[in-house]
Amino acid sequence: MAEDKLSIDILSPEAVTKKAETIGVKKARNALRSTVMLGVLAGAFIAMAGEFYTLAVVDTGLGFSLTKLIGGFVFSLGLILVVVTGAELFTGNTLLIIAYMTRKITLKELMRNWVLVYLGNFIGAVGIAVLVFYAKQYTLKEYHFALEALKIAQGKLANDFFTALVRGILANLLVVMAVWLSYAGRSLADKFLAVILPVSAFVASGFEHSIANMYFVPFAIFIKSLPEVIGALQKSGYRGDISTITWANFLVKNLIPVTIGNIIGGGFLVGLVYWFVYLYKRK
């Protein structure tokens, strides 16, 4: 590790694995107040990126692929803010499984971090959804913003349990690799550039991120019954079933399977793999 600290090059994969272990220990033993508040911040950052995404993809006229690519690019703002400011994001914290596997933290410490950060993320994301609602962002571009928000949420709730789970796996595989790459960097520019492509790929591909969905679906729930939004929806000719946008459907059809998928994608397909390659000690 001494050589890594003196080098101007990015950290090696083995050094990144050890760094992830060290960071995991620190995160797991952080004070309750700090853990929750940093979780609230991360949820808020991801939610702001969700609002930015919705704005960016409204009426681009550029076709499906380019519109999705632009949306993915702007959504990367969320993880950039999380990584640079040291906020606590549940999906990124699935990497704490490395510190657990090396016995540097206990299962109780691992679960404490995950639960507290998840709750903090939920508070932050829904809180921003409330603020965006009262800012009347849904009125932008003659309610096109509202229509896009409803389409996003309705699309997420149209998936069956297994599809949502698999999309959650793929999303956090990319998100955690973005976090992983940021650990390897040594400057702000390194971290910035490391995050953009993996996040853009997961968003443009339509994969599912539990914390992002804590903004997208609640915001749609808040606006779906507004008379002016219903009028704009009817005028647009959109035939999607927005009656499916409910708290119950959000929990059962999206949040639960996507959260499970996020744990598998980040904790197992990234964390456990790198632990096995670099830190597993055969007896």
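The values are calculated or read from the model by the stated rules, or taken from the named source; none is laboratory data. All values derive from a computational prediction rather than experimental measurement. Cβ sites come from the backbone with ideal geometry, for glycine too, and all protein chains shown count toward neighbours. SASA here: full protein model, heavy atoms, side chains in, ligands and nucleic acids out. Shrake-Rupley method; radii C 1.70, N 1.55, O 1.52, S 1.80 Å.
At a glance:
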| quantity | calculated |
| --- | --- |
| Selection from segment 226-245 of residues that are of a type in the set (S, T, N, Q) and within 27 Å of the chain's Cα centre (by Cα) | S243, T244 |
| Counted residues, segment 107-156 - those being closer than 20 Å to T246 by Cα and either touching a His at 6+ places or on another chain (Cβ under 7 Å) or not polar (S, T, N, Q) (or both) | 26 |
| Output for segment 16-29, where each listed residue is surrounded by fewer than 18 Cβ atoms within 10 Å (Cβ to Cβ) and either in contact with a strand residue (DSSP E or B) (Cβ under 8 Å, 6 or more places away or on another chain) or of a type in the set (S, T, N, Q) (or both) | T22 |
| Filter pass, I128 being open to solvent by less than 40 Å² (accessible area, probe 1.4 Å), more than 18 Å from A49 (Cα to Cα) and either part of a helix (DSSP H, G or I) or among the hydrophobic types (A, V, I, L, M, F, W, C) (or both) | no |
| Listing of helices (runs of 4 or more DSSP H) fully contained in segment 182-283 that carry 3 or more residues being within 26 Å of R167 (Cα to Cα) and open to solvent by 60 Å² or more (accessible area, probe 1.4 Å) | 188-204 |
| Of all residues in segment 53-108 being out of contact with any Phe, Trp or Tyr (no Cβ under 7 Å at 6 or more places or on another chain) and among the aromatic types (F, W, Y), the one that is surrounded by the most Cβ atoms within 10 Å (Cβ to Cβ) | Y100 |
| Members of segment 83-106 found to be of a type in the set (A, V, I, L, M, F, W, C) and within 17 Å of A15 (Cα to Cα), listed by number | L95, L96, I97, I98, A99, M101 |
| Identity of the residue in segment 131-164, part of a helix (DSSP H, G or I) and acidic (D, E), that ends up modelled with the highest pLDDT | E148 |
| S34 of a type in the set (S, T, Y) and under 21 Å from the mean Cα position of the chain (by Cα) | yes |
| Residue list for segment 168-181, filter: without any contact (Cβ under 8 Å) to a residue 24 or more places away in the chain and either open to solvent by less than 30 Å² (accessible area, probe 1.4 Å) or among the charged types (D, E, K, R) (or both) | none |
